[in-house]
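For reference, the structure discussed in these notes is given below.
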Amino acid sequence: MQIIDKIYIDGAFVTPHGSEMFDLFNPATEQVIGQVRLADAQDARDAIAAAKRAFPAFSRTSPRERIDMLKRMHEAVVAKEDELYEAITEEYGAPVSRGRWMAQHASSVLLEAAKVLQDYAFTRRAGSAEVVMQPLGVAGLITPWNSDAGFICGKLAAALAAGCTAVIKPSEMSAIQTRIVTEALHEAGLPAGVFNIVTGRGDIVGAEISSHPDVAKLSFTGSTAVGKTILRTASDTLKRVTLELGGKSPVIVLDDADFDEAVPLAIQAGFMNSGQACIAGTRILVPRQRLAEFETRVQEEVARSQSGDPRDPQTTVGPMVSQKQWERVQRYIGIGIEEGARLIAGGQGRPDGVNAGWFVRPTVFSDVTNDMTIAREEIFGPVLSIIGYRDTEEAIAIANDTSYGLQAYVLSRDRQRAHEVASRIDAGRVLVNTLAHEPAAPFGGFKQSGIGREYGTFGLEAFLEPKSVLGVL
Ligand code: NAD
């Protein structure tokens, strides 16, 4: 049983002013494994004040100094990688390979930001003016539970690279992972107040950060509903806002696709991170003339996937993070059945032989139409919809007929053809025959999947404001 009773403000671990204790669970056993003492609005204000004090000096550090800091942070997080992996497994339930990737990702984003900074020109010329890219000020970084350490480090890396100071509000459900990351980042020895980490409730600490006049920039990853609330709140003080929200990503299987490759890729795209991924490919668009063949192959593939103990290397789908999330997934499977979609794999309840833990059965529906609830709303669990299409034009129309636009996948033997289809998809990222991640490329959503971009130069510039100086050149 871990008791986490410290938050991180002004370079020190301090006892929160807030006194609420919040239970932490192992989602694979449903057992309480710890408690975290939550920060409150006063703690958020203290953290913002510390970041505000640190900003003038930090914003004037040179890119070289900040590159060194990011490298030190990277090394410190690498040193905690095994501990972080254990916490990810225990507190989040990520299967082995995913958990390992997540633990590594947390440190690699710091190094990626250092690389971007290395080549970035903060000063350039436009006509007769000098244009200087200036850090915005205090950044509020609000993150979800589905990749706690990666989001904390990724957002912080971009903010610090730009010369902003930061107040981070991670998910209250990830406090063990947050503790480890905070301890690592503290080891890097940055000036006091440059970053502050206050775990607390969204509607208390998150709301304080999104309304506080001394916060200039908000970067939020989470649900579309909360993103809209944050945008409304931030408008009072005209904060710059980056929102990384939900998705309902299409996987367009073109009629020439090689199913030996396309089917495993589509299932991996759908079930990645146990289905708790904003970029999961949850609408699989399949040509009608090959639908029966595709369904059979999907059934074989899903039969090979295993939902269960995250420590078992054979496991591909871990538990849902919480009982609430488990119930949400169950409800959506019920809605799919009621709306007349045909279950071809999985269904409601726990997998056979599993009696405890928030495990769900990896589920695939066919005969889904794009107007059904399960095709429109983000489920955030391993529940996929197969939608038949007549021709490529209809596939593109269905793919774009969504309020989201985060990511899309196109699968084909003909890369040129897939490329043409990709050019017509309204999504921040389109992956052709791959699930690879490219940290140098911008990431973010069209439409209600968000505003702005993270990663690479675009991600850095989200924390900068251009200033034109005339008469000096
Ligand atoms: P959430 O929106 O409930 O919470 C995200 C964060 O916002 C948490 O830290 C939460 O405490 C905080 N929050 C809640 N209410 C708030 C408020 N009123 N003001 C300020 N902060 C508030 O999301 P979640 O349940 O933690 O995560 C799942 C969601 O996140 C999914 O919808 C998923 O699509 C989305 N997500 C998006 C991305 C992306 O990059 N686009 C990545 C991961 C998750």
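The values are calculated or read from the model by the stated rules, or taken from the named source; none is laboratory data. Please read all numbers here as calculations on a predicted model, not as lab measurements. Reconstructed Cβ throughout: ideal geometry from the backbone, glycine too, with neighbour counts over all protein chains shown. Ligands, DNA and RNA are excluded from the accessible area calculation, which covers all protein heavy atoms including side chains. Shrake-Rupley method; radii C 1.70, N 1.55, O 1.52, S 1.80 Å.
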Point to revise | Pairwise FRET efficiency - Asp214 versus Gln306, Cβ, R0 = 56 Å, nearest 0.05 | key: 0.70
Exercise for review: Please determine, in degrees from 0 to 90 and to the nearest 10, the orientation of helix 63-79 with respect to the longest principal axis defined by the Cα atoms of the chain, where the helix direction is its Cα long axis.
Suggested key: 50
Point to revise | Accessible surface of segment 316-378, 1.4 Å probe, proportion on carbon and sulfur as whole % | key: 45
Review point. Which whole-Hz couplings ³J(HN,Hα) result when phi for each residue of segment 262-276 is put into the Karplus expression 6.51 cos²θ - 1.76 cosθ + 1.60, θ = phi - 60°, listed in order with x for Gly and Pro?
Key: 5, 5, x, 5, 5, 5, 5, 4, x, 9, 4, 6, 6, x, 8
Exercise for review: Can you pull the one-decimal nm distance between simple spin-label points at Thr457 and Val432, each 7 Å off the Cα toward Cβ?
Suggested key: 2.2
**Study point:** With Cα atoms, 0 to 90° folded angle of helix 96-118 axis to the chain main axis
**Key:** 40
Point to revise | Helix-only mean residue ellipticity at 222 nm for the chain, each DSSP H run of n ≥ 4 adding -39500 (n - 2.57), per residue, nearest 500 | key: -12000 deg cm²/dmol
Point to revise | Per residue, in Å², the accessible surface of the chain once ligands and nucleic acids are set aside, probe 1.4 Å | key: 39
Review point. Does anyone have the angle between helix 41-59 and the longest principal axis of the chain? Alpha-carbon axes, 0 to 90°, nearest 10?
Key: 70
Study note, to complete from the structure: In debye to the nearest 20, the charge dipole size for segment 250-438, taken about the Cα centre with +1 at each Lys and Arg Cβ and -1 at each Asp and Glu Cβ, equals 460
Check your understanding: Which entries of Lys6/Lys217; Lys71/Lys217; Lys71/Lys228; Lys80/Lys467; Lys6/Lys248; Lys71/Lys467 show an alpha-carbon separation above 32 angstrom in the structure shown?
Key -> Lys71/Lys228; Lys80/Lys467; Lys6/Lys248
Review point. Which loop-located trypsin sites (Lys or Arg not before Pro) does segment 19-84 contain, where loop means any DSSP state but H, G, I, E or B and the Cβ has at most 15 other Cβ atoms within 10 Å?
Key: Arg60
Exercise for review: In nm, give the distance between the simple-model label positions of Gln268 and Gln289, each being 7 Å from the Cα along the Cα-to-Cβ direction.
Suggested key: 2.9
Check your understanding: Can you run phi through the Karplus equation (6.51, -1.76, 1.60; θ = phi - 60°) for segment 202-219 and list ³J(HN,Hα) in whole Hz, with x for Gly and Pro?
Key -> x, 6, 10, 6, x, 5, 5, 5, 6, 10, 5, x, 8, 9, 9, 9, 10, 10
Check your understanding: Where in segment 2-18 does the label zone of Gln42 land, with the point 7 angstrom along Cα→C-beta and an amide N cut-off under 18 Å?
Key -> 5-10, 13-18
Revision key, fill the gap. One finds, for Ala440 and Ser19 with R0 = 30 angstrom and r their Cβ-Cβ distance, a FRET efficiency to the nearest 0.05 of 0.10
Study note, to complete from the structure: The percentage of the accessible area of segment 186-228 (probe 1.4 Å, all protein chains present) made up of carbon and sulfur atoms, to the nearest whole number, is 55
Review point. Along segment 172-179, what does the Karplus equation 6.51 cos²θ - 1.76 cosθ + 1.60 (θ = phi - 60°) give for ³J(HN,Hα), rounded to whole Hz, x for Gly and Pro?
Key: 5, 7, 10, 5, 6, 4, 4, 4
Review point. Residue separation times 0.36 nm, minus the C-alpha to C-alpha distance between Ala192 and Gln348: what's the value?
Key: 51.2 nm
**Study point:** Other-chain or far-sequence residues with amide H under 5 Å of Ser366's (modelled H)
**Key:** Arg342, Leu343, Ile344, Ile386
Point to revise | FRET efficiency, 1/(1 + (r/R0)^6) with R0 56 Å, evaluated for Leu470 and Asp203 via beta carbons | key: 0.80
Study note, to complete from the structure: Spelling it out for Gly246: with amide H atoms placed in the peptide plane at 1.01 Å from N, the residues 5 or more places away or on another chain with amide H under 5 Å from its amide H are Thr224
Study note, to complete from the structure: Log10 I(q)/I(0) at q = 0.06, 0.10, 0.14 Å⁻¹ for the chain, from Debye over equal alpha-carbon scatterers, is -0.27, -0.74, -1.33
Study note, to complete from the structure: Sorted by chain and then number, the residues having a modelled amide H within less than 5 Å of the amide H of Val241, at least 5 places away or on another chain, are Leu218
